[in-house]
Amino acid sequence: GYDISKSADELRAETMALLTDAVTRQTDRAGHSLDEIMRDLMDGFTRDQPPAISTGLCDLDAIIYGVRKERLITIAGRPGHGKSALALTIARNIVRNNHAGLFFSMEMSEEELGQRVLSMTSQIDGAAIQTYQLSADELSTAADAAQQAGAWPLTIHSGGFTLTDIRTRTLQHIAEYGPLAFVVVDYIGLVRPSGRKGQTRQQEIGEITRGLKALAMECQTDVFMLAQLNRDIEGRESSIPTLADLREAGDIENDSNIVIFVINPEKFDPNT
């Protein structure tokens, strides 16, 4: 309370994080012997339930081994190339199989995300849903899809968030409703840091990526973090991105377990 270097919002966020942590954390994670680890691994081969959850995209599952635990997965691309669409598709595919997830959106409102989910589920054109111009048959189809999607365990938060906000709300959700299969953060460039003032943006991004990686390990869930690519890729002969194309690439590259690049070739060549 005597720390005048922090704003009231920062102090409130830190206080909430401390209280949530105290309530939800029963014991600190203790170390385990190699014998215990090996026994758990061998037990895994005899379980009926697979160790990973399918993203609903078979080719992607073959590369990233589905949605598992404790990984920070970055989905990166230029604006309009489909980062949010891919993340929401994966989220929908997982929750419709009754695995819970959280979606933090700083770009789209809850209504916009709901419209996208409804379009995916009903197979009705998104523009018709956004403008509320549906035929009688489409309205009936949309009503059935809305009822179906309403039963899925996906919680959406929209607005502006700090790293502490994301951690606090995630821990609160787990304490109240149980484990999560995934958390989506859309996108890292709009997450406000919770740390010291006077940091460079690169230092702030490093704080956020380390915090999200720690959250994935603490909550034993995969965290999907969306990120933008530099504009340089648009002027290159090859549109295939590399890790160097990530904005503030160093920390994102270092802290991510997996980086997925999303490209829409028509953005570079309409005749492709």
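The values are calculated or read from the model by the stated rules, or taken from the named source; none is laboratory data. Keep in mind that what you see is a predicted model, and the values were worked out from it rather than measured. All Cβ positions, glycine included, derive from the backbone under ideal geometry; neighbour counts span all protein chains shown. All accessible areas refer to the heavy atoms of the entire protein, side chains included, with ligands and DNA or RNA removed. Shrake-Rupley method; radii C 1.70, N 1.55, O 1.52, S 1.80 Å.
Length gained on full extension, residue 148 to residue 6: 46.6 nm, using 0.36 nm per residue less the C-alpha separation. Computed from label points 7 Å out along Cα-Cβ, the spacing between residue 107 and residue 65 is 2.9 nm.
In terms of packing, defined here as the mean over residues of other Cβ atoms within 10 angstrom, the peptides 130-141, 31-42, 69-80 line up highest first as 69-80, 130-141, 31-42.
Sorted into 10 angstrom bins from 0, the C-alpha pair distances of segment 54-196 split as 10, 38, 36, 13, 2, 0 percent.
Restricting to DSSP H runs of at least four residues, report the calculated mean residue ellipticity at 222 nm for the chain, -39500 (n - 2.57) per run over all residues, nearest 500 deg cm²/dmol.
Details: 11 runs with 126 residues, N = 272.
When only DSSP H runs of four or more count, the value is -14000 deg cm²/dmol.
Leaving out ligands, DNA and RNA, and with a 1.4 Å probe, what % of the accessible surface on segment 5-149 is carbon or sulfur? Intermediate values should be presented prior to the final figure.
Values: 4710 of 9000 Å².
The C+S portion of the solvent-accessible surface of segment 5-149 is 52 percent.
Within segment 212-272, the GluC sites (Glu not before Pro) that combine a DSSP coil assignment with at most 16 other C-beta atoms in a 10 angstrom radius are 237. Contact order, relative form, for the chain: 29 percent (alpha carbon pairs under 8 Å, 6 or more residues apart, mean separation divided by residue count). Overall form of segment 157-225: prolate. Here a/c, set by the Cα gyration tensor axes a ≥ b ≥ c, is 1.5 or more, and a/b is the larger of a/b and b/c. Rounded, prolate or oblate: pick one for the chain, where a ≥ b ≥ c are the square roots of the eigenvalues of its C-alpha gyration tensor, a/c under 1.5 means rounded, and failing that, prolate if a/b is larger than b/c, else oblate. Since a/c stays below 1.5, the shape of the chain is classed as rounded. Less than 5 angstrom separates the built amide H of residue 182 from those of 102, all sequence-distant by 5 or more or on a different chain. Label-to-label distance, residue 131 versus residue 19, with points set 7 angstrom from Cα along the beta-carbon direction: 4.7 nm. DSSP beta bridges fully contained in the chain are about 5 percent antiparallel.
Quick one: accessible area per residue over the chain, 1.4 Å probe, rounded to a whole number of Å²? Before the final figure, lay out the partial values.
Numbers: 15580 Å² over 272 residues.
That works out to 57 Å² per residue.
Taking every alpha-carbon pair under 8 Å whose residues sit at least 6 apart, segment 29-142 reaches a relative contact order of 15 percent. I'd like the distance separating the alpha-carbon centroids of segment 30-71 and segment 154-176, in whole Å. So the two Cα centres are separated by 25 Å. Only lysine pairs 8 or more places apart or on separate chains count here, and in the chain those with Cα atoms under 27 Å apart total 7.
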